[in-house]
Amino acid sequence: MIQQTALLDRQPQPMGSDMPLPVPAPEHARRIEELGRIILAYSEVTDKLQRSHEQLTQTVQSLREEISEKNRQLERKTRLAALGEMAASMAHEIRNPLGGINLYASLLAKDVSDRPASLEVVRKISGGVKRLEALVSQVLQFAREISLNVAPMDLSQTVAQSIDFAADAIVRRQIHLDVEGPPKLMVNADALLIGQVILNLLLNAAEAMETGGTLTVRFGAPVEPPARQFFISVSDTGPGISPQAMDRLFDPFFTTKATGTGLGLPIVQRIIEAHDGTIIAANQSGGGARFEIRV
Ligand code: ADP
């Protein structure tokens, strides 16, 4: 463009004269102005190109990060699937003899009903069997594909029911309970599984406050993305989650409790992910842990 303008500047020479004809002043000014506009437009285009180049670089970078995060998740899922399969086949093997032990224990309980000391031993056996059965069911639930039974449900009612189920664990530790949420909140989800999730978080929170504290449950319609239907948060005033535990919280069989299974949170996470939701765990600035679900 600039070269063309320069060529245009060259005026036709009259025959027999070496002197160039002067370009009239207004014409000169008009060309300079035009040249200015061209240079301005050129630098605007260069700026735009620069900006879109920077944007592209950023997009490529974030896509790269997303891919490596997805790869990590895929690797974890493959590892967990293998672990789940192994655990499920073991759980099946354990379940049958457990049924037998339970049956014999109940027959024995009848036989020794008049001998309190022996009856106590039989009760201990039954108690152990019950705990093992609960563990086996958890392992199987964790290993199985989750099939959702999504239907309209009142979240407020589900929260209240879960609190009822956890009441003993809460009252026994003299924990103060604080619940905040609407009296009715209709959502589309699997009521049974969401109830299980809330109960699990409540029991974990109660177990984190052996000597009492405050358990806060908040739920409601989403106020900000990415929640689509509802949010639930469960917080406690316990010791919080240790840095080592934080990284492995959702790993199957990770537990810091003497009688824990380490399957509660992995199952919770699977249920929430089956609902296309998210769960995050964090420590609160004032102390204690906080679990937040968004579905
Ligand atoms: P379990 O309860 O059988 O240990 P979970 O998967 O439910 O299994 O929990 C795994 C671990 O996460 C717990 O052992 C505990 O260390 C930690 N955790 C869970 N909830 C809390 C909480 N509210 N406060 C502190 N730590 C917690």
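The values are calculated or read from the model by the stated rules, or taken from the named source; none is laboratory data. Source: prediction; values computed, not measured. Heads up, the Cβs are rebuilt from the backbone with ideal geometry, glycines too, and the neighbour counts pull from every protein chain shown.
Among the charged types (D, E, K, R), surrounded by 18 or more Cβ atoms within 10 Å (Cβ to Cβ) and out of contact with any Asp or Glu (no Cβ under 9 Å at 6 or more places or on another chain): does that describe ASP236? Criteria met by ASP236.
Pairing residues of the stretch 58-87 that are modelled with pLDDT under 85 with residues that are assigned to a helix (DSSP H, G or I) and among the aromatic types (Phe, Trp, Tyr), at Cβ distances under 9 Å and at least 6 apart in sequence or on separate chains, gives LEU80/PHE142; GLY84/PHE142; ALA87/PHE142.
Give me the residue from the stretch 268-277 that is surrounded by 15 or more Cβ atoms within 10 Å (Cβ to Cβ) and more than 10 Å from the ligand (Cβ to nearest atom) and, out of that set, farthest from LEU193 (Cα to Cα).
GLY277
Pairs linking a residue in the stretch 281-293 that is within 13 Å of SER242 (Cα to Cα) to a residue that is more than 8 Å from the ligand (Cβ to nearest atom) and acidic (Asp, Glu), with Cβ atoms under 9 Å and 6 or more positions apart or on different chains, are ALA281/GLU292; ALA282/GLU292. With respect to the conditions (1) within 9 Å of the ligand (Cβ to nearest atom); (2) in a loop (DSSP other than H, G, I, E, B), GLU210 falls short on a single one, namely (1).
Would you be able to say whether some residue in the stretch 219-226 is under 18 Å from ALA289 (Cα atoms) and in contact (Cβ under 8 Å) with a residue 24 or more places away in the chain?
Among the residues of the stretch 219-226, at least one is under 18 Å from ALA289 (Cα atoms) and in contact (Cβ under 8 Å) with a residue 24 or more places away in the chain, which makes the answer yes.
Considering the stretch 164-207, the residues that are of a type in the set (S, T, N, Q) and in a helix (DSSP H, G or I) include one that is nearest to the ligand (Cβ to nearest atom), namely ASN204.
Rundown of residues vs (1) touching a Phe, Trp or Tyr at 6+ places or on another chain (Cβ under 8 Å); (2) closer than 22 Å to ASP276 by Cα; (3) not acidic (Asp, Glu), yes/no style:
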site	(1), (2), (3)
ALA151	no, yes, yes
THR158	no, yes, yes
ALA166	no, no, yes
ARG173	no, no, yes
VAL187	yes, yes, yes
LEU193	no, yes, yes
GLY212	no, no, yes
VAL217	no, yes, yes
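Is it true that THR216 is buried (at least 16 other Cβ atoms within 10 Å of the Cβ), of a type in the set (Ser, Thr, Tyr), at pLDDT 90 or above and more than 8 Å from the ligand (Cβ to nearest atom)? Spelling it out, THR216 is indeed buried (at least 16 other Cβ atoms within 10 Å of the Cβ), of a type in the set (Ser, Thr, Tyr), at pLDDT 90 or above and more than 8 Å from the ligand (Cβ to nearest atom). Specify the residue that is surrounded by the most Cβ atoms within 10 Å (Cβ to Cβ); the eligible residues are those in the stretch 247-267 that are of a type in the set (A, V, I, L, M, F, W, C) and more than 7 Å from the ligand (Cβ to nearest atom). Filtering first and then ranking leaves ILE267.
One residue alone among GLY240, GLY277 is free of Cβ contacts under 8 Å to residues at least 60 places away in the same chain and closer than 18 Å to VAL159 by Cα, and that residue is GLY277.
Which condition number in (1) part of a loop (DSSP other than H, G, I, E, B); (2) more than 7 Å from the ligand (Cβ to nearest atom) is the one that GLY240 fails? Here GLY240 meets the rest and fails (2).
Under the condition of being more than 10 Å from the ligand (Cβ to nearest atom) and of a type in the set (Lys, Arg), the residues counted in the stretch 278-295 number 1.
Yes or no, residue by residue, for (1) of a type in the set (S, T, N, Q); (2) in a helix (DSSP H, G or I); (3) surrounded by 11 or more Cβ atoms within 10 Å (Cβ to Cβ):
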residue: THR46; (1), (2), (3): yes, yes, no
residue: LEU74; (1), (2), (3): no, yes, no
residue: ARG95; (1), (2), (3): no, yes, yes
residue: LEU108; (1), (2), (3): no, yes, yes
